[in-house]
Amino acid sequence: MKSIYTVLSAVVLILLMSFTTWAQNDRYQLYVVHEDHVKDGKMDQHHKGDMDIVKAAKDNNMKGMNWITFVADDGRVMYLSPIKNMGELDNNPFEDLEKKMGKEEFDKLFDSYDGTYSKHGDYILRLDNELSYMPDGMTTTPEGENYRRLVFYHIPPEHAEKAEEIAREAKKLYTDKNAKSHYRVYKSGFGNMGSFFMVAASAKSEQEMNSKREETKNLLGKEGETLRKKIEDTFTDIEVVTGHIKPELSYVQN
């Protein structure tokens with residue numbers, strides 16, 4: 001967690017003008033993602049580090065940073081923090097907490113992470129409000145629905161425009177059919193190699209997710225089958241990641 005934002009340096013200044021246009025449009029919400037690949041048998045120790053930081057943040061009423069924590073079934077842990085624009089990357093998100101705790105005590109918070117992950121890194125995701133299907137209103141944390149199914153659709157360079165068209169076609173079909181399966185579309189951004197759409201769906205459990213997907217498949221019928229074939233022909237690499245949002249490991253200021 002401590003390394004979040006630090007990997008971005010002077011190159012940000014070169015790209016800032018183009019990237020900030022994402023935030024100036026109501027269509028996109030930017031997120032910084034810090035991702036840890038936790039070693040086998042080290043998840044409990046890693047969670048201890050998360051809980052220590054969350055407790056310190058709450059005890060000190062930390063300002064300047066929020067995050068939700070997603071723990072994948074494959075051992076990945078992702079921390080998503082909303083930002084207004086790329087300019088915020090110049091700031092130290094933990095500055096307020098470090099000042100309140102003092103540097104020595106603050107540094108101790110990260111001791112629990114020692115040796116728990118094989119690699120980690122930071123990147124940007126863009127939540128696309130226009131392509132997402134959230135008829136009850138946009139939220140990344142539907143109440144009581146902490147189970148997640150994330151599908152990464154990796155886009156070949158020559159299919160960028162077609163990918164956008166398919167995403168719009170999917171939303172129209174779901175809207176016309178009044179599908180009960182809602183989803184959010186995130187687009188890859190700064191720090192990612194290649195391009196992808198990440199589609200996030202929420203449910204109370206894996207069983208409920210499977211039930212929603214089966215119901216939606218039947219509802220969409222032949223039109224849905226045609227759309228799925230088009231998706232398979234366009235996106236050469238499709239990756240599914242499942243897991244849970246962990247409110248107890250997240251810090252969200254009211």
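Dipole of the chain computed with +1 at Lys/Arg Cβ and -1 at Asp/Glu Cβ about the Cα centre; of SER132, ASN178, ASN60, farthest Cα towards the positive end is ASN178. Only protein heavy atoms count here; under a 1.4 Å probe, MET51 has an accessible surface of about 90 Å². Taken as Cα centroids, segment 217-254 and segment 77-155 sit 20 Å apart, rounded to the nearest whole angstrom. Rolled with a 1.4 Å probe across the full set of protein chains, the surface gives THR139 an accessible area near 50 Å². Available extension along the chain between GLU206 and ARG76 is 45.0 nm, counting 0.36 nm per residue and deducting the alpha carbon span.
Take TYR28: with every protein chain present and a 1.4 Å probe, its accessible area is about 40 Å².
What number do you get for the chain when its Cα radius of gyration is normalised by 2.2 N^0.38 Å, N = residues? Can you show the working numbers first?
Working: Rg = 19.1 Å, N = 254, 2.2 N^0.38 = 18.0 Å.
Taking the Cα Rg and dividing by 2.2 N^0.38 Å, one obtains 1.06.
Using only alpha-carbon positions in segment 147-254, the gyration tensor eigenvalues give semi-axes of 24, 21, 12 Å once each is multiplied by 5 and square-rooted (largest first).
Let me spell out the model: positive unit charges on the Cβ of Lys and Arg, negative unit charges on the Cβ of Asp and Glu, origin at the Cα centre of the chain. What dipole size does that give, in debye rounded to 20?
Working: 35 positive and 43 negative charges, 91 e Å.
With only Lys, Arg, Asp and Glu charged at Cβ, the dipole is about 440 debye.
The aspartates and glutamates within cross-link reach of LYS246, meaning a Cα-to-Cα straight distance under 12 Å and a gap of 8 or more places when in the same chain, are ASP50, GLU145.
So how do LYS99, LYS217 rank on accessible area, 1.4 Å probe, biggest first, that is with the largest at the start? All intermediate terms of the calculation are to be shown ahead of the outcome.
On the way: LYS99 150, LYS217 100 Å².
From most accessible down to least: LYS99, LYS217.
Please express the Cα-Cα pair-distance distribution P(r) of segment 21-145 as a list of whole percents, one per 10 Å bin, running from 0 to the bin with the greatest distance. Over segment 21-145, the share of Cα pairs per 10 Å bin runs 11, 35, 36, 16, 1 percent.
Computed from the C-beta positions of GLU95 and GLU232 and an R0 of 45 Å, the FRET efficiency is 0.45 to the nearest 0.05. Label sites at ASN218 and GLU130, each approximated as a point 7 angstrom past Cα along Cα to Cβ, lie 3.6 nm apart.
For MET138 and GLU158, the FRET efficiency from 1/(1 + (r/R0)^6), where r spans their Cβ atoms and R0 equals 30 Å, is about 0.45.
On a full-extension model of 0.36 nm per residue, what is the gain between LYS172 and GLU225, subtracting their alpha-carbon distance, rounded to one decimal in nm? Write down the numbers at each step before the final one.
Working: separation 53, 0.36 × 53 = 19.08 nm, distance 1.48 nm.
Taking LYS172 through GLU225 to full extension adds about 17.6 nm, to one decimal.
Using a 7 Å offset from the Cα along the Cα-to-Cβ direction at both ASP111 and ASN66, what is the distance between the two label points in nm, to one decimal? Label-label distance for ASP111 and ASN66, simple model: 3.2 nm.
The values are calculated or read from the model by the stated rules, or taken from the named source; none is laboratory data. Note that this is a predicted model, so its numbers are computed, not measured. Glycine also receives a Cβ, built like all others from the backbone with ideal geometry; neighbour counts cover every protein chain displayed. The protein model used for the area step is the full one, side chains on, heavy atoms only, and it has no ligands, DNA or RNA in it. Shrake-Rupley method; radii C 1.70, N 1.55, O 1.52, S 1.80 Å.
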